[in-house]
Each structure stands twice: as C-alpha cells, then as structure tokens.
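Heads up: the structure comes next, in structure tokens.
The values are calculated or read from the model by the stated rules, or taken from the named source; none is laboratory data. Being a predicted model, the structure only gives us computed values, none of them experimental. A quick note on method: Cβ atoms are made from the backbone with ideal geometry, for glycine too, and the neighbour counts reach across all protein chains shown.
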Amino acid sequence: MSAAIDFELRSEIEHFLYHEAGLLDQGRLDEWLGLFTDDATYWIPLQADQTDPLSTSSIVYDDRRLLEVRVRQFQHPRAHARVPMPRTVHQVGNMQIVDADARGVHVSSSLVLVEYRRERQRVWGARVEHRLRRTGDGLRIAAKRIDLVNSEAELDGIVCLF
Amino acid sequence: MNVQAINELVQADRVHRAVYTDPPLFELELDRIFGRAWLLLGHESQVRRAGDFFTTRMGRESVIVTRHRDGTVRVLVNRCAHRGARVCEAAEGNATELVCAYHGWTYDTAGCLVGLPLPGGYDRPAGESVGGGLARAARVDSYRGFLFASLAERGPTLVEFLGPLRASFDDFVERAPDGEVEVAGGVFKHVYQGNWKLVLENHNDTVHPAFVHASSIWAARRQPAVESGAYAEIGVRQMLQNGAPWEVWESTGLWTAGYGHSWMADYHDDRRLVAALDHPAFTEYRAALERRLGRDGAARVLGELRWNSIVYPNCSFMSQFRQLRIVHPIAVDRTVVHAYSFKLKGAPERMFHDTIAFSNVVNGTASPVLTDDLEVYERTQEGLSAQRSDWVFLGRGHGHDVPDGAGVLRGGSGTSEIHIRNQLAAWLEYMTAES
C-alpha cells in the first residue's frame, strides 16, 4: 500500500470514527444504529483477552436484534436508568489500520469516554476494534469490540454506549 | 442499640427505615448475621485439585477458600497473623503456600504457619503466639457441591439451616445429565449504592417487573419476531416475560421457610424461555438426562419450574437457568453482587451458550434489565434517607399466608410480600439473639 493511498484511507477511516463518536455524543442513536450492518455484533467482553462471546459472559454481546432493543429502550419515558440519557464525550485516538482490502477495513483505536448522569461523572478507557465493511451505502460496522480497561472490576450499572 | 429497640424496628407489616440506613445497625449485622449464618461461598468445582483456591468475602471479611492436600476444603481469613496484611490478592489460582508480601510469613493451604524470617528472634515460637496461623471460619460444609461456611462455632447444621430449600439445590444439580454442575463462563461483578437487603427483597418481588422493567418490555415488544434459535431469542424472550399479565404473577408460587429463605416457582417453563423444546440440542439434552434418570425421572426433573431461590442472607440463585448470585455487604449503602453461571455436565455445549446468553441479559452489568434494577435500588436508598417518614410498608398479602408442609408457608398469591416479611423475621431473630 503506497503512502498516498494510506493517507487517503486513514482520513476516510478517521472521519468515519469521528462521525460515529459524534452521533453518540449528540444522542443520535438511530443514526448510530444505522452504521451497523444487519449481521453486526457489538461486543464488550467481560474478561481481558476474552476470545469467545458464546461460552463466556460479556458486559454486552449484542447481535443486531439485541442492539436494536438496547437503542430503542432509550426512547421509553420510564427507562429509569437511561432517562435522562447520559451526556458523553467520546474521545477517539491512536487509530491504527490493522488490515484493509477492497471489502473492508480492520481498525483499532483507543477511546476515552467521559460520562455524566445524575450528579455523577465517570471516565472510561477502552481499546476498540472496528471491522468495517464496504457496502453500497458506504462504510458500515460489521463488528465492534470494546475492551474496557476495567471490565473485570466491580462496576456500577453501565448504560452509555461506547 | 438494645434488643428492645431492635425489636421495635420490625413489625407485622412494616419495617423501620433504619434497618436500611443506620450505620451502627449495619455493623451489628456484620457481627450478628454475617458473623453467624451459613454463607454460601462458592462451588466445589472452583477448588477441584489440591492447592486450588479462590478468594471471596464473608460479610465484609476477605476469605480464602482452599483445597488442602488432604482433600478437605478450608476457609481462611485473608489477614496475616503477623501484622495484618492480606496474604492473598489473586481472585483464584493454585498454590502450595501463601506468602505474605510484608515480611514473608508463609502459610500452607490449611492456614498453618510454616515459615517466617529470623524465627530465633522471638522469646517463644512465633506460631504459638499467633494461634498457629491464619484465622479460620469456624465451620465449613457443603451441600450437593455448594460450599458454605459459618464464622460461628455454634448454630444450626447446614442441613437444618437450608431445610426445605435443599430441594432448590437438588433441582440445580439433578438437571445435569451427569448429575454434576460446574462454575464456568466468568463472573459478573456489579455494585449499587444501596443496602444489601434491597437486592434480596427484589428477586422474588413479582410486582416490580411491570414497572422497573417497563422500558425493556416495551423495547422488546416492538422488536420484530426473532427467529427461533437465534442468539437474540433468549434475551428478547426474557424481556418479554417480564411483561407477563398480572394473572401469571398472581398464580406464581411463592414459598418461605425458616432462616429467611424463599423460592419462586411455577412461573417460567422452557417453552416460554430457554431452548425451544424442539431444538436439536434440547432433544439431545433430554436424551442424555433420560439415560441417567429414565423417562419418568427426566420428565420429573424438567417439570420442576423453580425461578429464584433466596438463601438468606447472602445468595440468590436460579436452578432452572444455572445462575447464582452472591451478595456482599460493603457498607450500609453499598453492595456488591457477584453473579456466576454454571455448566450442566454431560449436556450439549449449546445448552451452555443459552445459559451465557441468559446471564448477559439478566446479570450483565450493562443489561437492559439489570441496570433498571440497580437504578431503583439506588433511588430506594436515597428515598429511605428522608427523615420525615420512618416506615416501609410490606403489607401486600399479609394475613393470607397458607401453611404448606413443615415450616413452609406459601404466599396467598404470587404477588405477596411474604418473602420480604420472612426475611425481616429472620433478620430480627439474628439481630436479637445474644449469641
């Protein structure tokens, strides 16, 4: 891959990740959901270096159907833990293209998320992996994996989206 | 607080808010309840081989559960006999010795002091001065592979303590084709800023789902049908089931027994929830169960429909769905819950995948269901700190309990608050007994 192409690809992917983070920070959750393919998975493992989402529990392991339910829940007026919705800043950095071909891009990044809700601020740190697929509608997320640095800790309930 | 004052806190159909908010009472609970009762610590599969250990808590006390080389399970207080540092930081592992980080005092897996630096520097052998080593739980026992310990020398035997609740553990184990279960699949650890009783009072509360879980019920109902066998099926079904009509909850069985225990049954069945009965994995599972128990025996086991069983004061489990939660009181207004999944030995792997999918949706730290429970525990704790009103009302179903066998009462309906009144009766018994 030549340096010039690499630069173009990096810009495209950076733009995509920033766009995604912006949708989350602005609470545009339906548009965020629209970034995922129909067969997508959204995964927050419970264990560091967890390889398997089926035989080990996960903080979140959603297929597209469960992710739709998760996003829809925010719309209900008595979604006690989600209304008001947390205010967030998703800071995306350290982006690295792991692999790329005509069908898609595998990209890793780091995420610092500041969350505020009900008089309380929490800070999250995570390594993130996106498997992006090129579709007729543009880049879409086929799989997103978020490894929270404190996934194995004793944690209060988590409602924000990463 | 003297006995008479404590007695006044718990009345027939109401309880004083101090029981949830008063720090001195909490300290007394650690002594009189968590310092006396049998506490469920884990399962034998966590300490299968000699040297295996895991750490947990008894009340607020850190303990190490070990398999000693003689095959017995030991429960050691995680505090060096020398200057008091914790001697074990790992959540689990295998070791022949536990070495204190501070001055190298060394213990075997029975807690006996086996080494220390400069042993000649004491006027009598150091081991004698510190009682031989690490402090231990006074009593350790197990039932069907589940490990219990008590910090009190005296008290009921484990069998007496569990009483009719043993049937829930039997159900848990009998569901395994090989007659054995094992801890697997990771541990969820969630926290809420509220008293430890709130979670135990919630698990058999059948009126709360329609309100606390209204949003996940609503979101699941709007989800187009999920195809049978798909990953999302279990999660969506469980969210929908929380929205069952009142007739279902009213006809659910709710039983209580001595020492604060209770269980809920005749609510879910496998048709409503887990593996669709026509799924090949379930057919394979049933056949494996029939090989051990025969056709009638397997039908009897699968016909047992127990939902939550509460082992007061520190555990709540679901035998039918292989989930077990241990409640750790940290402060009067802070509680940690560890949630474990179990594998049925001899069952197809797909059954365990269903268990994990179920665990994610009911016990996951970011679950659409659990997060609303945690939110409401915290709001309850905040509300109870208000000083203008002292009483918590627990009158639902009061006066309608039905005797159902020795020492067992059944709620007049499945929405009775009988299970909470029963927990508080046990609370009062522990708290007012002098020893």
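At-a-glance table
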read-out: Number of the exception - A:Val83 against (1) more than 25 Å from B:Gly186 (Cα to Cα); (2) not in a loop (DSSP other than H, G, I, E, B); value: (2)
read-out: Filter pass, A:Ile146 being at pLDDT 95 or above and crowded, with 20+ Cβ neighbours inside 10 Å; value: yes
read-out: Residue in segment B:166-186 that is within 13 Å of chain A (Cβ to nearest Cβ), of a type in the set (S, T, N, Q) and more than 24 Å from A:Asp156 (Cα to Cα) present; value: no
read-out: Close pairs (9 angstrom Cβ cut-off, 6 or more residues apart or separate chains): within 12 Å of A:Ile13 (Cα to Cα) in segment A:97-110, at pLDDT 95 or above and exposed (fewer than 11 other Cβ atoms within 10 Å of the Cβ) anywhere; value: A:Val105/A:Asp99; A:His106/A:Asp99; A:Val107/A:Asp99; A:Ser108/A:Asn94; A:Ser109/A:Gly93; A:Ser109/A:Asn94
read-out: Selection count where residues are in a loop (DSSP other than H, G, I, E, B) and more than 17 Å from B:Ala149 (Cα to Cα), scope segment B:309-325; value: 4
read-out: Any chance B:Leu394 is crowded, with 17+ Cβ neighbours inside 10 Å, among the aliphatic types (A, V, I, L, M), at pLDDT 95 or above and closer than 23 Å to B:Trp249 by Cα; value: yes
read-out: Out of B:Thr109, B:Thr157, sole residue that is exposed (fewer than 12 other Cβ atoms within 10 Å of the Cβ), under 26 Å from the mean Cα position of the chain (by Cα) and either in the same structural domain as B:Gly51 (by TED's automatic domain parsing) or within 28 Å of B:Val311 (Cα to Cα) (or both); value: B:Thr157
read-out: Selection from segment B:288-305 of residues that are in contact (Cβ under 8 Å) with a residue 24 or more places away in the chain and either surrounded by fewer than 21 Cβ atoms within 10 Å (Cβ to Cβ) or under 22 Å from B:Ala425 (Cβ atoms) (or both); value: B:Ala288, B:Arg291, B:Arg292, B:Leu293, B:Val301, B:Leu302, B:Glu304, B:Leu305
read-out: Positions within segment B:214-259 being farther than 15 Å from B:Val361 by Cα and aromatic (Phe, Trp, Tyr), in sequence order; value: B:Trp218, B:Trp246, B:Trp249, B:Trp255, B:Tyr259
read-out: All positions within segment B:12-31 that are in contact (Cβ under 8 Å) with a residue 12 or more places away in the chain and of a type outside the set (A, V, I, L, M, F, W, C); value: B:Asp13, B:Arg14, B:His16, B:Arg17, B:Tyr20, B:Thr21, B:Asp22, B:Pro23, B:Pro24, B:Glu29
read-out: Residue in segment A:4-24 that is assigned to a loop (DSSP other than H, G, I, E, B), loosely packed, with under 15 Cβ neighbours inside 10 Å, out of contact with any strand residue (DSSP E or B) (no Cβ under 8 Å at 6 or more places or on another chain) and not basic (Lys, Arg) present; value: no
read-out: Odd one out for A:Arg133, checked against (1) buried (at least 19 other Cβ atoms within 10 Å of the Cβ); (2) assigned to a strand (DSSP E or B); (3) in contact (Cβ under 8 Å) with a residue 60 or more places away in the chain; value: (1)
read-out: Selected residue [assigned to a loop (DSSP other than H, G, I, E, B) and either touching a residue at least 24 places away in the same chain (Cβ under 8 Å) or surrounded by 15 or more Cβ atoms within 10 Å (Cβ to Cβ) (or both)] from A:Thr37, A:Thr56, A:Thr51, A:Thr41; value: A:Thr56
read-out: Residue list for segment A:116-130, restricted to those being more than 21 Å from B:Thr371 (Cα to Cα) and either among the β-branched types (Val, Ile, Thr) or buried (at least 19 other Cβ atoms within 10 Å of the Cβ) (or both); value: A:Val128, A:His130
read-out: B:Ala225 within 11 Å of chain A (Cβ to nearest Cβ) and either at pLDDT below 95 or within 29 Å of B:Glu349 (Cα to Cα) (or both); value: yes
read-out: Flag if B:Arg60 is touching a helix residue (DSSP H, G or I) at 6+ places or on another chain (Cβ under 9 Å), closer than 22 Å to B:Leu41 by Cα and surrounded by fewer than 18 Cβ atoms within 10 Å (Cβ to Cβ); value: yes
read-out: Matching option when the condition is surrounded by 17 or more Cβ atoms within 10 Å (Cβ to Cβ), touching a residue at least 60 places away in the same chain (Cβ under 8 Å), assigned to a strand (DSSP E or B) and not basic (Lys, Arg), among A:Ile141, A:Ile158; value: A:Ile141
read-out: Members of segment A:97-115 found to be of a type in the set (S, T, N, Q) and surrounded by fewer than 18 Cβ atoms within 10 Å (Cβ to Cβ), listed by number; value: A:Ser108, A:Ser110
read-out: Single condition B:His338 does not satisfy, out of (1) in contact with a helix residue (DSSP H, G or I) (Cβ under 9 Å, 6 or more places away or on another chain); (2) over 26 Å from B:Val226 (Cα atoms); (3) within 11 Å of chain A (Cβ to nearest Cβ); value: (1)
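Residue-wise test of (1) more than 10 Å from chain A (Cβ to nearest Cβ); (2) surrounded by fewer than 18 Cβ atoms within 10 Å (Cβ to Cβ).
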site: B:His203; (1), (2): yes, no
site: B:Val212; (1), (2): no, no
site: B:Trp218; (1), (2): no, no
site: B:Ala230; (1), (2): no, yes
site: B:Gly235; (1), (2): no, no
site: B:Gln238; (1), (2): yes, no
site: B:Pro245; (1), (2): yes, yes
site: B:Glu250; (1), (2): yes, yes
